[in-house]
Amino acid sequence: MARYLLLRTGQATLVLWAAFTTAYVLLQLLPGDSILIKFQNPELGLSPQQIAEIRARYDGGASPLAAYATTLLGFLRGDFGYSVDTGTPVVERLAEALPATATLAGAGFLLAVLIAVVIAFAAGYSRTSWIRGALLAVPSLFVSVPVFWLGILLIQVFSFRLGLVPVIGGSEIQQLILPVLTLAVPIAAPIAQILARSIDRVQAQPFVPVVAAKGASRWWILWRHVARNAALPALTVAGLTFGELIAGSVVTETVFGRNGIGRLTEQAVNAQDTPVMLAVVVLATVVFVVVNLAVDVLFPVLDPRLRTAVA
Amino acid sequence: MSGIRTGKLLAGKFHAGGLRLRTVGLRTVGLRTGRRRTGRPETGLVLAVLVIAVVVLWALVPGLFTAHDPIAGVPAEKLRAPDARHLFGTDAVGRDLFARVVHGSVHSLSGAFVAVTVGLLLGTLLGSLAGSAGGLLDDAIMRLVDVLLSVPGLLLALTVIILLGPGTVNVAIAVGVGSVAAFARLARSEVVRVRRTDYVEAAFGSGGRYPAVLWRHVLPNSLGPVVALAALQFGMAILAISTLGFLGYGAEPPTPEWGLLISEGRNYLATSWWLTTLPGAVVVAVVLAAGRISRSIGRGTE
């Protein structure tokens, strides 16, 4: 077990390092220079000399390799450099934006799991083929809907038509309802799909008729016996949706005008603010890799059958 | 000896069949969904093919579908609700929305085409290289693919956009880069699978050189799942391109790109529902159709 843990952690660290390096190299290739964009503005009246000075303060004028090493060491210490756009430390901007996005993404993920479980179990329980068919078609509809359009549609229906959720103002909870729903829909789709499929597979196993013969009701079988066996593949997929969750937050925050990592990303792209973009990409990758590492490590804990195979 | 014969047979069978792929997809769908085999294609699939056909026609001959100008508006007819004359209504400067959606299809379709081509070429190249070379190169390439998979797609696309700048082609390339990993993984697994078959060994045995065997036998026989993935990615690319268009990194405003149309319609949410709802519904229909076709191809070649 310890060896497995060590191996997986090592792999995850390697992927993180490679992701950092790839993003760093990509963003350094940038032809448009973000420092020039900001400071060459004639209104600022800076001489070329002063601009060179500013540049030296940003990258130290060191060789590319040294600059890379400095940035990498900075990231390891939690120092992400300075935003070219606002001049404030990137860490501060991230820390400001993170809580809002974490709330949105966390609530969105929980709702997505709930939606997925309802769809998959209703499909697994239903004996009427057209209801089952309709339920199983829902995930492919969900993934085909543009997130931003869904958000707009929800605003239109719930805020403007029905007047259920205020467009401006309203309590914190009221402001969260529609964004969370928007975010949850595309995340729910893959989880529901895999869960429904694995419920089907488990229901075909011989132990199901045995439990039924002992007198268990269909709900009992589905909930107590099938669900536990079917949950593991869904857990893997749920881990993989974290990438989509972060991407969805970017779009959702833009549509609903919420501040957060998504807004920060949008501003960074518009201002070619490479330090912020690098930090956002690394943060998103860390979340994704750590979550999936956790899922991998949890697997043997949740499924006794895997314990011997690993140890 | 028999190995060589089956090898030729199988390989030959597949050479006949670039076209066959599609028809197979149409015919065999009924089997798995539990329907009786009637020889009749499923309605869902027929609808999907129809949707794609119509949208492709929109892109090729927009004049056939609408007489209205997509760029120049008639101010007197601004913000009209959908009716017989303006199927999708009109926007704030009196442009016919249906005409804008029809003329916009060429941007979404060509963008998605570029994106899938980038992903397919780069991904298949990397994947088949990894699958055929094995060893250290295989490891190196597949770790790179892991990295690409662990960066969220949209952020990867935005990074590429920071690098290349906004614009229709750059957005398409950015989206394509995001799909490289999926293609590479699939191509690698297919190459590894096909390489172990008897007929490929037979081709080597009868003196085939590596690149020739790869090109003549391995690649054509790995094609089915790759085509299915390409169809799926085509739909996903349309979705991603409209998202980036909505965020404002794609085409410039007078262009009737689908994401941009929805973004422009946002200012009239309270009064003109059709400006955002209808273009979005078209996007959903196209993406759904691409997914449906992809599933059929996938099943047909299993």
Between 0 and 90°, nearest 10: helix A:227-240 axis offset from chain A longest Cα axis | 20
Grab the DSSP H runs of chain A that are 4 residues or longer, score each as -39,500 (n - 2.57), total them, divide by all residues and round the 222 nm result to the nearest 500 deg cm²/dmol.
-> -25000 deg cm²/dmol
Choose one of B:Ala212, B:Pro279, B:Ile241: the residue whose Cα lies farthest towards the positive end of the charge dipole of segment B:194-299 (beta-carbon charges +1 Lys, Arg; -1 Asp, Glu; about the Cα centre).
-> B:Ala212
If one takes the longest principal axis of the Cα atoms in chain A, at what angle in degrees, from 0 to 90 and to the nearest 10, does the Cα axis of helix A:64-77 lie?
-> 50
What percentages, rounded to whole numbers, describe P(r) for segment B:112-198 computed over all alpha carbon pairs with 5 Å bin width beginning at zero?
-> 3, 17, 22, 22, 16, 10, 6, 2, 1, 0
Report, in debye and to the nearest 20, how large the dipole of segment A:174-311 comes out about its Cα centre when Lys and Arg carry +1 and Asp and Glu carry -1 on their Cβ.
-> 780
Where does helix A:242-256 land angle-wise versus the long Cα axis of chain A, in degrees 0 to 90, nearest 10?
-> 70
What is the projected area of the convex hull of the Cα atoms of segment A:54-205, averaged over all directions, in nm²?
-> 14.8
Extreme residue, positive dipole direction of segment A:91-310, given options A:Val180, A:Leu264, A:Tyr125 (C-beta unit charges) | A:Tyr125
Expressed in µm² per second, the diffusion coefficient of chain A from the Stokes-Einstein equation, with Rh the Kirkwood radius over alpha carbon pairs, at 4 °C and 1.567 mPa s, is 57
How do B:Met142, A:Met277, B:Met236 rank by accessible surface area computed with a 1.4 Å probe, from largest to smallest?
-> B:Met236, B:Met142, A:Met277
Distance histogram in 5 Å bins (all Cα pairs of segment B:186-253, percent per bin) = 4, 15, 18, 14, 10, 9, 8, 8, 6, 5, 3, 1
Once amide H atoms are built 1.01 Å from N in the peptide plane, which residues 5 or more positions from A:Tyr82, or in another chain, come under 5 Å H to H?
-> A:Val90
In terms of solvent-accessible area of protein heavy atoms at a 1.4 angstrom probe, what is the ranking of A:Asp200, B:Asp138, highest value first?
-> A:Asp200, B:Asp138
How would B:Glu257, B:Glu252, B:Glu42 line up by accessible area, probe 1.4 Å, largest first?
-> B:Glu252, B:Glu42, B:Glu257
Grab the Cα-Cα distance for A:Ala137 and A:Ala216, subtract it from 0.36 nm times how many residues apart they are, and report the gain in nm with one decimal.
-> 25.5 nm
Which value, in Å² and to the nearest 10, is the accessible area of A:Thr21 when all protein chains are kept and the probe is 1.4 Å?
-> 30
Here FRET efficiency (C-beta to C-beta, A:Thr236 to A:Glu172, R₀ 51 Å, nearest 0.05) is 0.95
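The values are calculated or read from the model by the stated rules, or taken from the named source; none is laboratory data. This is a predicted model, so every value here is computed, not measured. Backbone-built Cβ (ideal geometry, glycine too); neighbour counts: all protein chains shown. Only protein heavy atoms, including side chains, enter the accessible area calculation; ligands, DNA and RNA are left aside. Shrake-Rupley method; radii C 1.70, N 1.55, O 1.52, S 1.80 Å.
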